[in-house]
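For reference, the structure I am asking about is given below.
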Amino acid sequence: MPTSNELKLFAGNSNKPLANRISEHIGIQLGDCEVSRFSDGEVNVRINETVRGHDVFIVQSTSPPVNENLVELLIMIDAFKRASAHTVAVVIPYYGYARQDRKARGRDPISAKLVANLLTVAGASRILTVDLHAEQIQGFFDIPVDNLWSFPIFTNHFKNMDDFDPEEWVVVSPDVGGVRRARQFAERLSTALAILDKRRPKINIAEVVNVIGDVKDKNVILYDDIVDTARSLVEAARALKEQGAQKIVACATHGVFSGEALKRIEDSPIEKLYVTDTIHHEFLPEKVEVLSVAELLGEAILRIRKNLSVSIMFR
């Protein structure tokens with residue numbers, strides 16, 4: 001009997017809308033897989049079609065509730081491996097625990113490494129993610145990792161704006177650690193670059209100490225990878241306003257929006273916040289606009305499947 005090695009795309013429960021957009025871009029139907037709960041809360045995975053010998057891609061963000069979505073993903077990987085899938089590539093648009101990538105204090109865990117071990121032991125053959133908080137996390141894996149950058153999505157959006165003039169805008173990195181990310185974005189937009197120097201007296205609390213660069217009478221794009229509590233973002237916007245910035249907008253790949261984050265953004269000088277759909281939200285205020293990473297992820301999946309270069313997408 002003739003056999004063929006097919007590409008099959010499945011999704012967990014964390015971000016079904018994004019998985020559907022990816023499947024539309026690729027041009028295949030989302031696979032038939034039910035992920036439910038037993039009466040005691042344990043995860044139940046039922047694959048309703050054959051995957052034997054096929055290349056399987058699972059779309060699942062490990063976003064809040066992080067532990068629920070992570071365990072769901074691990075059990076899905078195990079199910080597909082036991083169903084004799086040829087490869088099981090895991091598409092994690094938002095990689096949870098990525099901020100715990102080192103020992104900041106004595107006796108701290110390195111949770112990002114633990115999650116990497118869990119995914120590998122479960123049977124993942126490849127990881128595909130977007131804007132890892134710390135790029136060195138790629139080294140925590142002994143399997144291939146493709147870390148996609150989201151800046152082309154934001155670049156296209158601003159370049160398509162009728163009133164966008166690079167001379168009037170400045171891209172601002174909210175901290176020293178995000179300078180490389182912000183520089184790539186600024187180079188694509190042909191704008192100037194500024195950096196905020198800040199310190200963290202407590203967890204999830206940041207204080208801006210200096211603004212390195214000229215933002216006076218300029219329109220500013222704050223560019224970061226994650227908006228969690230939004231305290232850092234709002235504090236940065238206020239500091240820029242005090243330095244004479246005119247219009248302030250922000251871009252962030254992952255909109256976590258913990259606690260009172262959305263209220264803080266609503267009450268801040270930020271006129272618009274652009275995030276991607278790596279994390280699904282049922283409701284967001286008008287000030288927050290969502291841009292999709294479906295085309296980016298879909299193109300990467302097709303390139304991985306065909307053994308083509310992924311890095312060329314960002315040249």
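How many percent of Cα pairs in segment 264-304 exceed 14 Å? Intermediate results must be reported in sequence, preceding the final value.
Details: 463 of 820 pairs.
Here the long-distance tail beyond 14 Å is 56 percent of all Cα pairs in segment 264-304.
OK, next. Taking H placed 1.01 Å from N in the peptide plane, check which residues at least 5 places from residue 248 or on another chain put their amide H under 5 Å from its amide H.
Answer set, sorted by chain and number: 220, 271.
On alpha carbon coordinates alone, what is the Rg over Rh value for segment 15-151, Rh being the Kirkwood radius? The partial results should precede the final answer.
Values: Rg = 15.2 Å, Rh = 15.7 Å.
Across segment 15-151, the Cα-based Rg/Rh ratio is 0.97.
With springs only between Cα atoms under 10 Å apart, run a GNM on the chain and tell me which of 118, 148, 128 wobbles the most.
Comparing 118, 148, 128 in a Gaussian network model of the chain, the most mobile one is 118.
Lys/Arg Cβ at +1, Asp/Glu Cβ at -1, dipole of the chain taken about the Cα centre: which of 18, 308, 220 is farthest positive-ward?
So the residue we want is 308.
I need the calculated FRET efficiency for the pair residue 7 and residue 290, taking r as the beta carbon distance and R₀ as 30 Å, to the nearest 0.05. Could the numbers behind the result be given before it?
Numbers: r = 27 Å, r/R0 = 0.89.
Calculated value: 0.65.
Which chymotrypsin sites (Phe, Trp or Tyr not before Pro) from segment 204-285 combine a DSSP loop assignment with at most 10 other Cβ atoms within 10 Å?
When the chymotrypsin sites (Phe, Trp or Tyr not before Pro) of segment 204-285 are filtered for loop state and at most 10 Cβ neighbours within 10 Å, 283 remain.
Name the long-range amide H neighbours of residue 289: under 5 Å, sequence gap of 5 or more, or other chain; modelled H, no Pro or chain starts.
Those lying under 5 Å, H to H, from residue 289 are 273, 274, 275.
Let me ask you something else. Provide, in order from the shortest bin, the percent of all Cα-Cα pairs of segment 220-315 in each 10 Å bin, continuing until the bin that contains the maximum pair distance.
15, 41, 24, 16, 4, 0
Which entries in the list 8/306; 218/241; 218/272; 216/263; 263/287; 247/272 go over 20 Å, if you measure between the two C-alpha atoms of each?
On the way: 8/306 14 Å; 218/241 10 Å; 218/272 16 Å; 216/263 27 Å; 263/287 11 Å; 247/272 9 Å.
Over 20 Å Cα-Cα: 216/263.
Next question. Heavy-atom accessible area per residue, the chain, 1.4 Å probe: how many Å²? Working shown, then result.
Working: 15160 Å² over 315 residues.
For the chain, the per-residue accessible area is 48 Å².
Output the 0 to 90 degree angle, nearest 10, between the alpha-carbon long axis of helix 179-189 and the longest principal axis computed from the alpha carbons of the chain.
80
Let me ask something additional. If you keep only loop residues by DSSP, which GluC sites (Glu not before Pro) in segment 4-56 have at most 13 other Cβ atoms within 10 Å of their Cβ? Walk me through the numbers before you get to the answer.
On the way: sites: 6, 24, 34, 42, 49; in loops: 6, 42, 49.
Sites meeting the loop and neighbour criteria: 42, 49.
Taking every pair of distinct Cα atoms and averaging 1/r, then inverting, what Kirkwood hydrodynamic radius in Å comes out for segment 136-177?
On the way: mean 1/r = 0.0736 Å⁻¹.
It is 13.6 Å.
Please work out the ratio of the alpha-carbon Rg of the chain to 2.2 N^0.38 Å and round it to two decimals.
Cα-based Rg divided by the globular estimate yields 1.04.
Please give me, ordered by residue number, the GluC sites (Glu not before Pro) of segment 222-265 that lie in loop per DSSP and have at most 14 other Cβ atoms within 10 Å.
260
Over the chain, what relative contact order in percent results from Cα pairs under 8 Å that are six or more residues apart? Each step should come with its number before you reach the end.
Working: 620 pairs, mean separation 43.0, N = 315.
After rounding, I find 14 percent.
Residues with amide H under 5 Å of residue 128's amide H, sequence separation 5 or more or different chain, H placed in the peptide plane at 1.01 Å from N; which?
The list, which skips near neighbours in sequence, is 90, 91, 92, 146.
Another question, then. To one decimal place, what orientation-averaged projected area in nm² is obtained for the convex hull of the Cα set of segment 234-274?
On the way: hull surface 11.3 nm².
Averaged projected area of segment 234-274's Cα convex hull equals 2.8 nm².
Calculated from DSSP H runs of 4 or more alone, at -39500 (n - 2.57) each and per residue, what is the 222 nm mean residue ellipticity of the chain, nearest 500?
Working: 8 runs with 90 residues, N = 315.
Estimated from H runs of four or more residues: -8500 deg cm²/dmol.
If you scale each eigenvalue of the Cα gyration tensor by 5 and take the root, what three semi-axes come out for segment 125-244, rounded to whole angstrom and sorted largest first? Walk me through the numbers before you get to the answer.
Values: eigenvalues 139, 83, 23 Å².
Over the Cα atoms of segment 125-244, the ellipsoid semi-axes are 26, 20, 11 Å.
The values are calculated or read from the model by the stated rules, or taken from the named source; none is laboratory data. Quantities reported herein were computed from a predicted structural model and do not represent experimental measurements. FYI the Cβ positions are ideal-geometry reconstructions off the backbone, even for glycines, and counts take in every protein chain you see. Remember, those area values only see protein heavy atoms, side chains included, never the ligands or the DNA or RNA. Shrake-Rupley method; radii C 1.70, N 1.55, O 1.52, S 1.80 Å.
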